[in-house]
Amino acid sequence: MVLGLLIGIGEGFSPGRTTNVQILWLHLPPSAQFPNGFSLVMGTLVDPLSALVLMVVTVVGFLVLLYSIGYMHQDRGLARYYAELSLFLASMSALVVANNLLEFFLFWELVGVCSYFLIGFYYEKPSAASAAKEAFLVTRVGDVMFLLGIFLYFYLYAAAGPAGLGGWAANGFVFVHNGQPFLAGATSSSTLATVAGLMILGGAAGKSAQFPLHVWLPDAMEGPTTVSALIHAATMVAAGVYLLAVTSVFLGFTSFDQLVIVAIGGFTAFFAATMAVVHPDIKRVIAYSTISQLGYMVLAVGAGFTAVGLYHLFTHAFFKALLFLAAGSVIHAVGTQDLFKMGGLRRSMRLTSVAFAVGGLALAGIPPFAGFWSKDDILASVYSQLGAHPLYWPFFLLAFAAVFLTAYYIFRAWFLAFSGSGPRDPSLPHAHEGPWTMQVPLVVLSVLAAGAGMFAFLPGFANLLERGPGIPPHFGTTEILLSGASLALAVGGIALAWALWGNGRVYALPASSPAQAVRRLLLERYYFKAAYDWIGARGVNTVARAADFFDVYVIDGVVHGFEGAFGGLSDRLRRIQSGVVSDYASYLVAGLIGVFALLLLIAPFLLARVGGG
Amino acid sequence: MTGLPEAGFVGLSAALVAVGLFGILTRRNFVLLLIAIEIAMNAAILNFVYFAAFAPTPGEGLAGQAAAVVLVGFAATEVAVGLAIVLALNRAKGTINVAEATELRL
């Protein structure tokens, strides 16, 4: 953690510095296709972009490790837990400082497998095991697209001729090699470049749980809460956003790609927020919130504001980790995740309730907490780009509307858990705060969640954000109006949450109301999971059945057919071996006659040839 | 040596082969089988002697006659081995009918 902070601070105070250390991993000699040869390198690249994310990873990682001492102390698999968490932190840090796409992909897969291990940490529980499998498979869809994207970019460089490919391939896909985004050049409108960008987006969507690959993240909450805080809120899921940022800075997206990214980001931000509105599980509410916030980041990167997106990544990591750890503290104390059983925890868990409130305020975007600065930066940035394409409008409005939902759902959770006079379910154990190892991270993260937004005003930190295009626009009248509007929405959301759920109230929808149908739709997650299950069960099963049929009847059929034919043939031939000398003699004679007959037949031709020669 | 009826000699050889083959295919008695083989073989020896007469030089004609003599030796050897098998077969199975010697069948 100290190293990560030092790197971050060092980068901050030396603007634009990049440090690249690499070793040659593999070199293929020059060929006609690759005039400069082909290299693979492994290296680390520290520039403002990676330093920023590295700070997040190390700081949050350290706090989560500390928190885990208290949270996991009675767990049997403690050694396994720490081993997997350490592996995750190592690969995540390596991913952040990877200096080329292939290395990036390598560690991308490593964090993926760590995520799989940790979601399935309670592997005796069937739901945890299947959630781990689901997460792995869904992100795999994205990973395959990511790999295809790498291939396509490689091909594009090949098409760019020796100068492009020779440089890039010979240097082993190293990001730092090209100062300029590659696609800024002539090929930026080519279809292949667009497809390559979309493939990269697919990879990012898988990792960052963007629509339509969002289904795995809520189920990933089967893992320990600490894992949710570290992997599925602060770091790994942000790797997708980081990938988009890196790609947009070093390779560049086409304008159509940007539109698609904006669409997915804006839509996801709203879509996920709606599902968070009704969910009774405290962790899943925060999980949907994570998807929604990642949508904001994707939106910002898609609109070309890489720095703004990463700024939100930075602040989000702190307040979301805080929310998860506070939720973990609650779960640790009361032993349930059901919000409707909790209540009145404010009295017995003062620190946690304050921490959760700070995280909630930051998430909702109430100044001066962190989320306000970064989220409003995003909204203002995208607003300034609305002229770029008419289709940006609806997604901007969706993201804007999500502000209201965000404020509502997070304070609904807070009121349900902490306000009121006591737990709704009297069988809950008497709650108390965790040990100091759990409290210290909460305090530290609370400070960060409250203050991280103002880091942008620190002289060193601002330098970190200045990599690549997309400096936050300066605040003018429009931006202030925009901020005012979003602030009003956020406050409105909180007020609605208080009106419905404050002071231990429970708001029940009338049973016959049409709103019940909406609620049901949201709880069933728009039936996406059911649809995917159906596709998985029916679609894959059908294919598997067809393959099985083909295997049994066609492939095995051919094999067995040959076997039968030769078996029958040999059975017949066996009878020839009578052992009787006279029979053999007659075969001999028959063969002799056959040979003579053949010679007689072909003799004219042979003679003709001899004569001709 | 000219003036020999060519068609007659070649026809004689062919007839001997045919008789020998007929014997080989029809006889079940091992001794008769051996005799039939000898008849077929003698057709080949006769051909050597006969075509030696048409050699351009007497020296080359001699080669054919030499081959005939060698083949007579071979035939004798073969009969010796064949008769030894007959004795062994008779001792082992009490018969010299070849149709009953089928132990080597698969």
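The values are calculated or read from the model by the stated rules, or taken from the named source; none is laboratory data. Bear in mind the structure is a predicted one, so any value in this text is a computation, not a measurement. Note that each Cβ is placed from the backbone with ideal geometry, even for glycine, and that neighbours are counted across all protein chains shown. Remember, those area values only see protein heavy atoms, side chains included, never the ligands or the DNA or RNA. Shrake-Rupley method; radii C 1.70, N 1.55, O 1.52, S 1.80 Å.
Might you let me know whether the range A:78-88 holds any residue that is of a type in the set (D, E, K, R), under 18 Å from A:HIS232 (Cβ atoms) and without any contact (Cβ under 8 Å) to a residue 40 or more places away in the chain?
As a first pass, look at the range A:78-88 and keep what is of a type in the set (D, E, K, R): A:80, A:84.
Of the ones still in play, those that are also under 18 Å from A:HIS232 (Cβ atoms) are A:84.
After this cut, where a residue has to be without any contact (Cβ under 8 Å) to a residue 40 or more places away in the chain as well, the list is A:84.
Scanning the range A:78-88, I find at least one residue that is of a type in the set (D, E, K, R), under 18 Å from A:HIS232 (Cβ atoms) and without any contact (Cβ under 8 Å) to a residue 40 or more places away in the chain, so the answer is yes.
State whether the residues of the range B:67-82 include one that is within 14 Å of chain A (Cβ to nearest Cβ) and in a helix (DSSP H, G or I). Outline the logic, then answer.
At the first step, the residues of the range B:67-82 found to be within 14 Å of chain A (Cβ to nearest Cβ) are B:82.
Narrowing the set further to residues that are in a helix (DSSP H, G or I) leaves B:82.
Checked the range B:67-82: at least one residue is within 14 Å of chain A (Cβ to nearest Cβ) and in a helix (DSSP H, G or I).
State yes or no: is B:GLU60 more than 14 Å from every other protein chain (Cβ to nearest Cβ) and either touching a residue at least 60 places away in the same chain (Cβ under 8 Å) or surrounded by fewer than 14 Cβ atoms within 10 Å (Cβ to Cβ) (or both)? Working first, answer last.
Numbers: more than 14 Å from every other protein chain (Cβ to nearest Cβ): yes; either touching a residue at least 60 places away in the same chain (Cβ under 8 Å) or surrounded by fewer than 14 Cβ atoms within 10 Å (Cβ to Cβ) (or both): yes.
Answer is yes for this residue.
Condition first: open to solvent by 10 Å² or more (accessible area, probe 1.4 Å), part of a helix (DSSP H, G or I), touching a Gly at 6+ places or on another chain (Cβ under 8 Å) and not aromatic (Phe, Trp, Tyr). Can you find one or more residues in the range A:314-324 that meet it? Step through it out loud before you land on a result.
Taking the range A:314-324 and keeping what is open to solvent by 10 Å² or more (accessible area, probe 1.4 Å), we get none.
Scanning the range A:314-324 turns up no residue that is open to solvent by 10 Å² or more (accessible area, probe 1.4 Å), part of a helix (DSSP H, G or I), touching a Gly at 6+ places or on another chain (Cβ under 8 Å) and not aromatic (Phe, Trp, Tyr).
Mind checking whether some residue in the range B:86-104 is touching a residue at least 60 places away in the same chain (Cβ under 8 Å) and either part of a helix (DSSP H, G or I) or open to solvent by 60 Å² or more (accessible area, probe 1.4 Å) (or both)?
yes
Answer yes or no: is there a residue in the range B:21-39 that is more than 14 Å from chain A (Cβ to nearest Cβ) and loosely packed, with under 12 Cβ neighbours inside 10 Å.
no
Do we have A:ASP571 as open to solvent by less than 70 Å² (accessible area, probe 1.4 Å), facing chain B (nearest Cβ under 10 Å) and among the charged types (D, E, K, R) here?
On the way: open to solvent by less than 70 Å² (accessible area, probe 1.4 Å): yes; facing chain B (nearest Cβ under 10 Å): no; among the charged types (D, E, K, R): yes.
So A:ASP571 fails the test.
Given the criterion more than 25 Å from A:ASP583 (Cβ to Cβ) and away from chain A (no Cβ under 14 Å), identify the matching residue among B:LEU46, B:LEU16, B:LEU87.
Values: B:LEU16 fails: more than 25 Å from A:ASP583 (Cβ to Cβ); B:LEU87 fails: more than 25 Å from A:ASP583 (Cβ to Cβ).
Matching residue, one of B:LEU46, B:LEU16, B:LEU87: B:LEU46.
Considering only residues of the range A:387-414 that are of a type in the set (Phe, Trp, Tyr) and surrounded by 24 or more Cβ atoms within 10 Å (Cβ to Cβ), which is nearest to the chain's Cα centre (by Cα)? Before the answer, list the steps.
Within the range A:387-414, the subset of a type in the set (Phe, Trp, Tyr) is A:392-393, A:395-396, A:400, A:404, A:408-409, A:411, A:414.
Those still in the list that are surrounded by 24 or more Cβ atoms within 10 Å (Cβ to Cβ) too: A:395, A:408-409, A:411, A:414.
Numbers: A:PHE395: 21, A:TYR408: 26, A:TYR409: 23, A:PHE411: 27, A:TRP414: 27 Å.
That would be A:PHE395.
Are there any pairs, at least 6 apart or on different chains, whose C-beta atoms fall under 7 Å, with the first in the range A:586-609 and within 14 Å of chain B (Cβ to nearest Cβ) and the second in a helix (DSSP H, G or I) and hydrophobic (A, V, I, L, M, F, W, C), and if so, which?
A:SER586/B:LEU25; A:VAL589/B:LEU21; A:VAL589/B:LEU25
Quick one: would you say A:THR336 is modelled with pLDDT under 85 and under 29 Å from A:THR437 (Cβ atoms)?
Working: modelled with pLDDT under 85: yes; under 29 Å from A:THR437 (Cβ atoms): yes.
It is true that A:THR336 is modelled with pLDDT under 85 and under 29 Å from A:THR437 (Cβ atoms).
Which numbered condition in (1) under 24 Å from A:SER329 (Cβ atoms); (2) modelled with pLDDT of 85 or more; (3) crowded, with 23+ Cβ neighbours inside 10 Å is the only one that A:GLU84 fails?
(3)
Here are some residues: A:VAL260, A:VAL285, A:VAL277. Which one is more than 21 Å from A:GLY203 (Cα to Cα), of a type outside the set (Lys, Arg), assigned to a helix (DSSP H, G or I) and modelled with pLDDT of 85 or more? Walk me through how you get there before you give the answer.
Working: A:VAL260 fails: more than 21 Å from A:GLY203 (Cα to Cα); A:VAL277 fails: modelled with pLDDT of 85 or more.
Unique residue meeting the criteria: A:VAL285.
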